[in-house]
1. Of all strands (runs of 3 or more DSSP E) completely enclosed by segment 88-175, which ones contain at least 1 residues that are modelled with pLDDT of 95 or more and of a type in the set (A, V, I, L, M)?
2. Output the residues belonging to segment 16-33 that are within 16 Å of residue 99 (Cα to Cα) and of a type outside the set (Phe, Trp, Tyr).
3. So, of the residues in segment 31-48 that are over 20 Å from residue 162 (Cα atoms) and aromatic (Phe, Trp, Tyr), which turns out to be farthest from the chain's Cα centre (by Cα)?
4. Can you find a residue in segment 190-200 that is surrounded by fewer than 21 Cβ atoms within 10 Å (Cβ to Cβ), at pLDDT 95 or above, of a type outside the set (A, V, I, L, M) and outside the structural domain of residue 78 (by TED's automatic domain parsing)?
5. Can you name the condition, by its number, that residue 186 falls short on among (1) farther than 10 Å from residue 134 by Cα; (2) part of a helix (DSSP H, G or I)?
6. List the pairs whose first member sits in segment 33-46 and is touching a residue at least 24 places away in the same chain (Cβ under 8 Å), whose second member is in a helix (DSSP H, G or I), and whose Cβ atoms are under 9 Å apart, counting only residues at least 6 apart or on separate chains?
7. Take residue 141 and tell me if it is buried (at least 19 other Cβ atoms within 10 Å of the Cβ), among the hydrophobic types (A, V, I, L, M, F, W, C) and more than 24 Å from residue 80 (Cβ to Cβ).
Amino acid sequence: MGERITFSAVEMKHLGLATVAIVFAFSLVLHSDEVFGQGVYSPMFLVDSLVIVGSAFVLHEELGHKVAAQRYGCWAEFRAWPTGVLLTVAMAVLSYGSFVFAAPGAVMISNIKRERLGFSMTYLSERDIGKVGVAGSVVNLVMALIFLGIYIVFPWTTLLMAASVNAWLAVFNMLPFDPLDGAKVMRWNRAVWFAVIAIGFAIMYAVPM
């Protein structure tokens, strides 16, 4: 426990590639009428997508799963999936912004970690695995509440959409099927699993979209 959080140069390159792909793809989805209907593309579309989707994706993976896993002594780094990066962009373009394959990569976690003098192995209990699994969704719920709080001061519609997307992502990842996080969390603690889903739905219901 209490391991130092590290980010490698390789990880940053992979995360950057995946983020660019998912932000661009969702900019086409969020503004499909303008892009495909009117042939107009504005840099602000990227800003909207970065706030709404990019932040949810990056923080879910890095501030959630990665930090939690490394705190338990595991090796954890984001890796882009080349086929996923291609499909993320291609599906958004080919479907004229009506569908996106949002799986450009994920945080890879291993309980075996290279050390200076060899390798070390960390034992993870069902409780530990559940906590690493729920960390991403908890980050999304916190972000949703932060966006709603900012909206009270700055009533920008994009902030409401960001809150809704973060809440939806938290709920989606709690679906109790492998390889989604919900299966790990349910095996550990059903009360926590239910609480995350309930809070996520409450936020989505509260967002006046």
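1. Values: elements: 105-110, 112-115, 118-121.
So the answer is none; nothing clears 1.
2. Applying the first criterion (within 16 Å of residue 99 (Cα to Cα)) to segment 16-33 yields 21-33.
Across segment 16-33, the qualifying residues are 21, 22, 23, 25, 27, 28, 29, 30, 31, 32, 33.
3. 36
4. Going through segment 190-200, the residues surrounded by fewer than 21 Cβ atoms within 10 Å (Cβ to Cβ) turn out to be 190-192, 194-195, 197-199.
Now drop any that are not at pLDDT 95 or above, which leaves 190-192, 194-195, 197-199.
Right, trim to of a type outside the set (A, V, I, L, M) and you get 190, 194.
If we keep only those that are outside the structural domain of residue 78 (by TED's automatic domain parsing) as well, we get 190, 194.
Checked segment 190-200: at least one residue is surrounded by fewer than 21 Cβ atoms within 10 Å (Cβ to Cβ), at pLDDT 95 or above, of a type outside the set (A, V, I, L, M) and outside the structural domain of residue 78 (by TED's automatic domain parsing).
5. Condition (1) is where residue 186 drops out.
6. From residues that are touching a residue at least 24 places away in the same chain (Cβ under 8 Å), the pairs are 35/27; 35/28; 35/45; 36/28.
7. Working: buried (at least 19 other Cβ atoms within 10 Å of the Cβ): yes; among the hydrophobic types (A, V, I, L, M, F, W, C): yes; more than 24 Å from residue 80 (Cβ to Cβ): yes.
Taking the combined requirement at face value, the residue satisfies it.
Okay, residues lined up against (1) in contact (Cβ under 8 Å) with a residue 24 or more places away in the chain; (2) touching a Gly at 6+ places or on another chain (Cβ under 7 Å); (3) over 23 Å from residue 200 (Cβ atoms):
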{"residue": "72", "(1), (2), (3)": "yes, no, yes"}
{"residue": "95", "(1), (2), (3)": "no, no, yes"}
{"residue": "122", "(1), (2), (3)": "yes, yes, yes"}
{"residue": "142", "(1), (2), (3)": "no, no, no"}
{"residue": "156", "(1), (2), (3)": "no, no, no"}
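The values are calculated or read from the model by the stated rules, or taken from the named source; none is laboratory data. Remember, predicted model here, so these are calculated numbers, not experimental data. Cβ: placed from backbone, ideal geometry, glycine included. Neighbour counts: every protein chain shown.
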